[in-house]
1. If I model a spin label at residue C:8 and residue C:71 as a point 7 Å from the Cα along the Cα→Cβ vector, what separation in nanometres do I get?
2. Which of rounded, prolate or oblate describes the protein assembly as shown when judged by the alpha-carbon gyration tensor and an a/c cut-off of 1.5?
3. Out of residues 5 or more away from residue B:186 or on other chains, whose amide H comes under 5 Å of its own, with H placed 1.01 Å from N in the peptide plane?
4. Checking the a/c ratio against 1.5 first, then a/b against b/c, what shape does the Cα gyration tensor give for chain A?
5. Go through the stretch C:61-69 residue by residue and turn each phi into a ³J(HN,Hα) via Karplus (6.51, -1.76, 1.60, θ = phi - 60°); whole Hz please, and just put x for glycine and proline.
6. Taking a 26 Å limit on the Cα-Cα distance, which of the listed pairs A:51/A:323; A:136/A:323; A:126/A:305; A:83/A:161; A:142/A:273 fall beyond it?
7. I'd like the distance separating the alpha-carbon centroids of the stretch A:107-129 and the stretch B:200-223, in whole Å.
8. Over all residues in C:191-197, what is the mean tally of Cβ atoms on other chains that come within 10 Å of each residue's Cβ?
Amino acid sequence: MTRTLRLILAALAALVLTLGVTACGSSDDGGGGGGGGSADLIESDPANEGKSITIGSKNFTEQFILGEIYAQALEAAGFEVKKDLNLGSEQVAYRALTSGQVDAYPEYTGTSLTSFFDVKTADVPKDPDATYELVKKEYAAKDITALARTEFENTFRLAAKTEVQEGDLEGAKTISDVAELPKADELKVAGFPECRQRTDCLVGINNLYDWKPEFVSTEAKYTPLDEDQADLSFVFSTDGELALDDYKIIEDDEALFPPYNVSLGIRNDALKKIGAKGQEVLEAVQEPLTLEAMQELNSRVDLDKQEPEQVAGDYLTELGFTK
Amino acid sequence: MFLLAQQGLEMPDRNEGAAGCVQNDGFCPSWIFDNFDRYVDPFLQHIVLTVVPVAIGFAISFGLAVLAHRRQWLTGPITGVTGFLYTIPSLAFFFLLQPLTGRGYLTAIIALTCYTLLIIFRNVTTGLGGVPMEARDAARGMGLTDRQLLWRVELPLALPEILAGLRIATTTTVGLAALAFFAGAGGLGAELDADYYFKSNVVVAGGLAVLLAAAFDLIILGVQRAMTPWQRARAT
Amino acid sequence: MSATLAFLGDFGGAVEFIFRQRESVGGGVQVGGLGEIGDLLVEHLLVSLAAMAIACAVAIPLGLYLGHIGRGEFLAITVSNVGRAVPALALLAFFIAFLGIGFTNVTAVLILLALPPILTNTYVGARGVDPEVVDAARGMGMSGAQIVRRVRVPLALPTIFAGVRTSAVSVLATATIAPLANVQTLGEPIINPQTYGFEGGLGAAIVIGVVTITADAGIGIAQRAVTPKGIKLAEGGGRGRMRLSLPTRRREAAT
């Protein structure tokens, strides 16, 4: 080989190596160039000073994280943000939104329709966009704007420990499979308290799959499985635990659960306050939230026991929205 | 995975290696050490949720007890009302007040204050009632007015009982304040509620509450010992 | 003002919730009505009675024994102080974290809660019997056990009942948080207003209040019934003054 060729090869090798290292290693300086992920740094606009907005959230991990992300993003843009997270269940949160106690909170499209607008679970469109459009229309009538929906959805899943799924559940992969098991009604299913009365939760399972398992009411999702207090559990599809090998998901083959994408519902008067740029910021920070990203963020809170505020802050920094 | 890594979100593999203490909801001293500061604010809130209701409750009950001391017929009704308030389960009380006073400190403090009333009222009344007749006669013999009698003779002699009541009220309030999060008032109970299954969390939040109650108990006991030196001679 | 009026309106709705079923807030399911309230009430009473029974079975004999031999005052007082200091919620959380959820665990928590007042009051009551009376009994040739049974117990009964009364109120009140551990007591509608609505929670709160006040009054009547007439007269008419803790005569013990 000529000397020039060797030099070129060496340079190429160095380039490939550098690219490899940058891509696979963690990057503290925010997003690299290219890809869907290079985030624009949120600039603090002095015109936003003094404009106050209250962000709320419901009472579980993902909601805390989302609330913190939206709140911290608006803070970075220079707004005065008050946080009223952990309001309670969707009924309480919705009342807080319509009464003005909070200016905005993230809600799931399917939940909005079934819980606030009297749509029967079976009547909710299966298409995420159709569902979102319906939500937007219903909210608009209440002087609330439903911002663009997220890509990921957080729907209910039934999960079981891997050993249980292979053993007692005889390898069942779908809910219908489980419902057909001879001892199906003796199985114990754990779920959050109001699941027992929700048509998009236990009641739906009872009716659609003709399966009446014993219900264990608890706030924890995976501990009842770990401690063998329940065979199955209602979990969220974005749970960090589902990325582990310990649990298996049982598929909802009859499509009981409607789409559950997140849409930040914001009061129109507040939307006017933050303006188009504010709206842009909100919709920008939720862009990178894929299922895996949400699982990772949830893991940091539920498994690593970090605080949602910290996790949201790290998310914004790691993706380059804030420094 | 590659795309996200490029975007900057770190995604460790939590399957690899033995799942850590924290992931298994265990009791993890190192995690406690690192994260202790998240309990500081709730702890301070809990102090407020204890001291304020007890202080207000004491002021009210003391006044009522002195009043009832003069007009004995009041003792029954006051005991009845404060007793009724005491019997309402705290959770229900927090719930019931919410439409009137909303969520937050006000609701919690009103409810917690009501619970101290019976305890303190009863102890002050019993303390005053337990003053020996001889002491009272002697004082009157010396020409003391009713007011002087109360402040210079009866109350000092009733002090042990009053302070005992204060101790009971304070430790009880620490316990009840753990439920204040239900009314949106934070406190150590909120930390407990955040994760019942994480042993480290339960031990720290619960342990801090117990320590707080013990600390208050000892402080008031110390005050009692200091203010009633004549008792020390008889103490076992 | 309007909040107060609305509250009164809710009150009517709450009473209705107790007697008639209605649709849950989220829709799709019937909640409330005598049937469900009855079930919740039964569970509430079951877990409370179980805890009280076991607590009495343990604490009363122990307290009588310790009070008779005059030892263990420090233990009795410390148990009382520590017992008051531990928040019921912390205890429940501790049991959930280390032992999981369920009826047994909730009962265990309630037993621990009920023990201190009963133990302390039994001890103090047994101890507080006039030594001259005990001497007289000994002089009459009674054995230790007989003294306990025939002298200490009857004279200590009022104080013991006072302790039982305190514990009963505590236990009934704390059984309200049992739903957090999957035991469906009357606390369920209060903890889950998103399903039962505010009126549901209010209705449950009313029922709990009635139950607790009835229990308190009931035990109070029993307390007065077992107070020997002589003592009642000496205490000035026996208006049933509630002795929720240590009686005043034992000032040293009160510290």
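Rule-based calculations on the coordinates, nothing more; no lab input. Since we're looking at a predicted model, the values are computed, not measured. Every residue, glycine as well, gets a Cβ built from its backbone with ideal geometry; the counts of neighbours run over all protein chains shown.
1. 6.3 nm
2. Cα axes put the protein assembly as shown in the prolate bin.
3. B:181
4. Here chain A falls in the oblate category.
5. Karplus values, whole Hz, x for Gly and Pro: x, 4, x, 5, 4, 4, x, 6, 7.
6. Cα-Cα > 26 Å for A:136/A:323; A:126/A:305; A:83/A:161; rest within.
7. Spelled out, the Cα-based centre of one part sits 48 Å from the other.
8. Mean inter-chain Cβ contacts per residue within 10 Å come to 6.
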